[in-house]
Amino acid sequence: MNPEPIEMIKYTKSIIFENSHIYVGCLATLNFRPMEDSTYPEVPLDFSDGSSSSGDIEVIQSDEIMLNVDAYSTAAGTFIVAKSWRLAIIEKPNLWKVIARSS
């Protein structure tokens, strides 16, 4: 008797923001812990209104990252240009806060 094949689940790194756009003070939940001295390209970003984008992460320190967000449109149709943001962890293991906008 052959056992049933086990379906492999692919866990994708992602970030969920608690708003439809990013601003200083905004909170985000990461479903992974960024490793120091690492980069993560094309991480999916989900926003509270159902819109989505992607961004590249560069780990600055173990508790701080730079997130380069691709342009996207909110569910209401507002176009958001590509921007870069610094985030810092505020509650381990996965709650982060936007602390600054970068150029």
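Report whether or not Asp49 is open to solvent by 50 Å² or more (accessible area, probe 1.4 Å), at pLDDT 95 or above, of a type outside the set (Lys, Arg) and in a strand (DSSP E or B).
On the way: open to solvent by 50 Å² or more (accessible area, probe 1.4 Å): yes; at pLDDT 95 or above: yes; of a type outside the set (Lys, Arg): yes; in a strand (DSSP E or B): no.
Judged against the criteria, Asp49 is not a match.
Could you tell me whether Val98 is among the β-branched types (Val, Ile, Thr) and touching a Pro at 6+ places or on another chain (Cβ under 8 Å)?
Values: among the β-branched types (Val, Ile, Thr): yes; touching a Pro at 6+ places or on another chain (Cβ under 8 Å): no.
No; evaluated as a whole, the condition is false for this residue.
For region 32-46, enumerate the residues that are assigned to a loop (DSSP other than H, G, I, E, B), open to solvent by 100 Å² or more (accessible area, probe 1.4 Å) and either charged (D, E, K, R) or under 23 Å from Ser20 (Cα atoms) (or both). Lay out the reasoning, then the answer.
First, pick out the residues of region 32-46 that are assigned to a loop (DSSP other than H, G, I, E, B): 32-38.
Those still in the list that are open to solvent by 100 Å² or more (accessible area, probe 1.4 Å) too: 35-37.
Matches in region 32-46: Glu36, Asp37.
Just to check your reading of the model, which residue among Ile22, Ile15, Ile99, Ile57 is open to solvent by 20 Å² or more (accessible area, probe 1.4 Å) and modelled with pLDDT of 95 or more?
Within the list Ile22, Ile15, Ile99, Ile57, the selection yields Ile99.
Condition first: of a type outside the set (A, V, I, L, M) and over 19 Å from Thr29 (Cβ atoms). Now tell me which residues in region 75-103 satisfy that.
We begin by selecting, within region 75-103, every residue of a type outside the set (A, V, I, L, M); these are 77-79, 83-86, 91-94, 96-97, 101-103.
Of everything in region 75-103, those that are of a type outside the set (A, V, I, L, M) and over 19 Å from Thr29 (Cβ atoms) turn out to be Gly77, Thr78, Phe79, Lys83, Ser84, Arg101, Ser102, Ser103.
Quick one: in region 60-80, which of the residues that are in a loop (DSSP other than H, G, I, E, B) and surrounded by fewer than 16 Cβ atoms within 10 Å (Cβ to Cβ) is modelled with the lowest pLDDT?
First, the residues of region 60-80 that are in a loop (DSSP other than H, G, I, E, B): 62-63, 70-71, 74-78.
Now narrow it down to the ones that are surrounded by fewer than 16 Cβ atoms within 10 Å (Cβ to Cβ): 62-63, 70-71, 75-78.
Numbers: Ser62: 88, Asp63: 92, Asp70: 97, Ala71: 97, Ala75: 96, Ala76: 96, Gly77: 96, Thr78: 96.
Ranking the qualifying residues of region 60-80, first place goes to Ser62.
When only residues in region 86-96 that are closer than 17 Å to Tyr23 by Cα and touching a Phe, Trp or Tyr at 6+ places or on another chain (Cβ under 9 Å) count, which is most open to solvent (accessible area, probe 1.4 Å)? Explain how you work it out, then say what you get.
To start, the set of residues in region 86-96 that are closer than 17 Å to Tyr23 by Cα comprises 86-90, 95-96.
Cutting the leftovers down to touching a Phe, Trp or Tyr at 6+ places or on another chain (Cβ under 9 Å) gives us 87-90.
Details: Leu87: 1, Ala88: 19, Ile89: 28, Ile90: 94 Å².
Restricting to residues being closer than 17 Å to Tyr23 by Cα and touching a Phe, Trp or Tyr at 6+ places or on another chain (Cβ under 9 Å), the top hit is Ile90.
The values are calculated or read from the model by the stated rules, or taken from the named source; none is laboratory data. Remember, predicted model here, so these are calculated numbers, not experimental data. Glycine also receives a Cβ, built like all others from the backbone with ideal geometry; neighbour counts cover every protein chain displayed. These accessible areas exclude ligands, DNA and RNA; they are computed on the full protein's heavy atoms, side chains included. Shrake-Rupley method; radii C 1.70, N 1.55, O 1.52, S 1.80 Å.
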